[in-house]
Amino acid sequence: MAETTFTPRVFSGIKPSGGLTLGNYLGAIKRWVEMQGEGMETIYCVVDLHAITVWQDPHDLRAGTREVMAGLIAAGIDPEKSILFNQSQVPAHAELGWIFNCVARVGWMNRMTQFKDKAGKNAEKASLGLYAYPALMAADILAYHATHVPVGEDQKQHVELTRDIATKFNHDYKVDFFPITEPVIEGPATRVMNLRDGSKKMSKSGESDMERINMLDDAATIAKKFKKARTDPDPLPETLDGLAGRPEARNLVDIYAGLADITPEAVIAEYAGAGWGRFKPALADLAVAKLAPISEEMKRLMADAGELDRLMARGADQAEAIARPILERTYDIVGLVRSR
C-alpha cells in the first residue's frame with residue numbers, strides 16, 4: 001500500500017455555549033490567528049452540534065453561535081484567509097461521525113475523561129451524544145483530512161482518539177486514506193485557570209463572573225477583575241521554580257506571558273521580587289490593551305447578525321467543497337451503495 005501524502009491543513013473548533021473567555025483566547029484562538037500565516041490551509045469551526053450534547057435554549061444557542069463567530073473575527077481570524085463556519089451547516093460532520101461511531105470502540109469511549117468530568121455521578125442520565133461526541137470530534141477533523149489540530153491541553157486526549165480512529169479505519173479497510181493528525185499544543189497559557197481558584201480551569205460556566213475574563217468585558221471590568229484576582233502574600237520569586245505550589249501566582253504570570261508574547265521566565269526576570277501591588281496593575285493594563293479592542297469589535301460585529309450569517313454560509317460552502325468528496329470516498333471504501 002503506497003503511503004499517501006496529505007496536504008498540510010489545520011482544523012479546530014470551539015463550542016458556542018456560554019460565551020468566550022480569556023481561556024478560549026489564550027488557549028486556542030490566539031494560536032489560530034497565528035497559524036493563518038504559517039503556510040497551511042486553516043479551517044475553523046463553531047461546533048454547534050457539540051453544544052447540544054447538553055441542553056441548550058434555542059435562542060441562546062443561535063445568539064452564542066453568532067457571538068463566537070464575531071469573537072473569532074474580532075480576534076483576527078480573517079474569513080479571506082481561513083475557512084470559518086458553523087458545524088451544523090456542513091452535514092459531512094454528522095455523516096462521517098456515524099461512520100466513526102462504528103469504528104471507535106466502547107472501551108475507548110469509556111476512557112474519555114471529559115465525559116466523566118461532565119456527567120459526574122449522573123452518567124446514566126447524560127445524553128448519548130455527550131458520551132459519543134469524541135467520535136464526532138474525530139469526524140470534524142478527518143472530514144477535511146486535517147493534519148494539525150491546535151488544541152488546549154485538556155483536548156489532547158480527543159486528538160489521540162482521532163488518531164486511533166484513523167489508524168483503525170485505515171487498517172480495517174486496508175487503505176491509507178485518513179491522516180494521523182498531530183495535536184499542536186504551544187504557548188505559556190494553553191490552560192488558563194480560574195482567577196479565584198488557581199486549581200480550576202477558567203470556565204464559561206463558573207459560579208462567579210469574577211473568576212473569569214469574558215471576551216465581551218469592557219476595559220473597566222477587565223482591569224477590576226485582574227486587580228481583585230486571588231493571589232498569595234509572597235512577592236514574585238527570582239526564578240520560575242519559585243512558583244511551585246503557588247497556582248494563583250503561576251496562573252497570573254502565565255496569563256501575562258501569553259498576552260505579551262513572551263515566556264514566563266521573561267516575566268519573572270522583569271518582575272522578580274515585585275509585590276502584587278505592582279504586578280497586578282501592570283497585568284491589568286496589558287490585558288486592557290490587548291483585549292478591550294477585541295471586545296469593542298465583537299460588539300460591532302454582533303450588531304449585524306445578517307452579515308455574520310452571510311459569512312458563516314460562505315464558509316460552509318467552502319468547507320462543504322472539501323468535506324463532501326472525502327465523505328463520498330469514505331462511503332465507497334466502507335462499501336455503501338450510492339446510486340443517486
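Things worth noting here:
- Test: ASP117 is closer than 16 Å to LEU49 by Cα and charged (D, E, K, R): no
- With respect to (1) crowded, with 16+ Cβ neighbours inside 10 Å; (2) more than 21 Å from ILE14 (Cβ to Cβ), the lone exception for HIS158 is condition (2).
- Subset of the stretch 197-231 [more than 23 Å from GLY275 (Cβ to Cβ) and touching a residue at least 60 places away in the same chain (Cβ under 8 Å)]: LYS201, MET202, SER203, LYS204, SER205, ARG212, ASN214, MET215, LEU216, ASP217, ASP218, ALA219
- Members of the stretch 263-289 that are hydrophobic (A, V, I, L, M, F, W, C) and without any contact (Cβ under 8 Å) to a residue 60 or more places away in the chain: ALA266, VAL267, ILE268, ALA269, ALA272, ALA274, TRP276, PHE279, ALA282, LEU283, LEU286, ALA289
- The residue of the stretch 170-196 that is surrounded by the most Cβ atoms within 10 Å (Cβ to Cβ), among those that are over 30 Å from ARG66 (Cα atoms) and touching a helix residue (DSSP H, G or I) at 6+ places or on another chain (Cβ under 8 Å), is PHE178.
- Residues that are of a type in the set (D, E, K, R) and within 12 Å of ILE14 (Cα to Cα), drawn from the stretch 36-65: ASP48
- Taken over the stretch 204-255, the criterion of being of a type in the set (Asp, Glu) and closer than 30 Å to ARG66 by Cα is satisfied by GLU207, ASP209, GLU211, ASP217, ASP218, ASP254.
- Among residues of the stretch 65-104, those that are touching a residue at least 60 places away in the same chain (Cβ under 8 Å) and farther than 30 Å from ARG310 by Cβ, counted: 4
- Some residue of the stretch 138-148 being more than 27 Å from ARG212 (Cβ to Cβ) and surrounded by fewer than 18 Cβ atoms within 10 Å (Cβ to Cβ): no
So that you can scan it fast, the table gives a plain yes or no per residue for (1) hydroxyl-bearing (Ser, Thr, Tyr); (2) under 21 Å from VAL267 (Cβ atoms); (3) assigned by TED's automatic domain parsing to the domain that holds ASN24; (4) not in a loop (DSSP other than H, G, I, E, B):
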residue: ALA166; (1), (2), (3), (4): no, no, yes, yes
residue: ASN170; (1), (2), (3), (4): no, no, yes, yes
residue: PHE178; (1), (2), (3), (4): no, no, yes, no
residue: LEU195; (1), (2), (3), (4): no, yes, no, no
residue: GLY198; (1), (2), (3), (4): no, yes, no, no
residue: LYS204; (1), (2), (3), (4): no, no, no, no
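The values are calculated or read from the model by the stated rules, or taken from the named source; none is laboratory data. As the structure is a computational prediction, the values presented were derived from the model and not from experiment. Cβ coordinates were reconstructed from backbone atoms using ideal geometry, including for glycine residues, and neighbour counts include every protein chain displayed.
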